[in-house]
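Here is the structure we will look at.
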Amino acid sequence: MDQSRPPHGNQPHHPHHPHHPPQIHSTEAAVAVLCALAERRGLPVTVEHAIGVDQSSRRTAAGAFAVTDEDGSLPHEALLEIPATDGPDGTPFTPHVTVQIFEEGDAHITLDQVTFHDLPREATPAFLEAVFDRRAHLHRTWYPPFCRLVVTLNDGLAYKEIVPMAYGGVSRWMSHLPS
C-alpha cells in the first residue's frame, strides 16, 4: 500500500512539494491569527471557547467533574464564525465561514455547509486567505452528476470537498464561483 497517499476526502492534493506553513502551537494562537486576518479584511468574527475536558467535543468519556486530561493538561477548542458578506454590487463576496479548532492540532472549516475536515491548524490562515482572495472554484461533472468545491492555496496546494446536493446544494456564494 502506498503510504504517501492521503487516506480520504479532504486531504491536500499536492504531490511535488509538501506545504510548510508557519507553526501555530496552540488553539489560542490560531484564534489570534484568524481574528487578525478577519479584522484586516473588515469582516466581523465571533469566537466561542471550550476549555476543559468537560467542554471538549472530543473527550466525551471524561470522568465526572473532570476538567483536565489524565496528563494534567487543559484541552482548549474554539469555534470561530464569520458571516457571509456581499460585494458593493450585491453579489456574494464571502461565504458563511465556521472554523472549529481542536486541541490535537487540526481544524474543520465549513464554507456554506460544505465542511473541509481535518485540515492542519497551521493551514487555516492560508485556507481562509484563499477563500477571501477568490481562489476557490467548483469542479462539476454532468454525468454522473457531481460537484466538488476546490480551494487552492498560494503554493498550489488544493483542498477539495464534495458539495452535498441533498441539503440545498450549491449556495448563493458558490453559484458565483468559476467552474
Ratio of segment 121-160's C-alpha Rg to 2.2 N^0.38 Å, to two decimals?
1.30
Computed ³J(HN,Hα) along segment 174-179: with the Karplus parameters 6.51/-1.76/1.60, θ = phi - 60°, integer Hz and x for glycine or proline, the list is 5, 5, 9, 7, x, 9
How many Å² of accessible area per residue for segment 73-135, probe 1.4 Å?
36
Between Glu28 and Lys160, take the C-beta separation as r, use R0 = 25 Å, and let me know the FRET efficiency to the nearest 0.05.
0.25
Within segment 103-179, list the chymotrypsin sites (Phe, Trp or Tyr not before Pro) lying in a DSSP loop whose Cβ has at most 15 other Cβ atoms in a 10 Å radius.
Trp142
Among 23-36, 92-105, how do they line up by average Cβ neighbours within 10 Å per residue, starting with the highest?
92-105, 23-36
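The values are calculated or read from the model by the stated rules, or taken from the named source; none is laboratory data. Quantities reported herein were computed from a predicted structural model and do not represent experimental measurements. FYI the Cβ positions are ideal-geometry reconstructions off the backbone, even for glycines, and counts take in every protein chain you see. The area values use the complete protein model at the heavy-atom level, side chains included, leaving out ligands, DNA and RNA. Shrake-Rupley method; radii C 1.70, N 1.55, O 1.52, S 1.80 Å.
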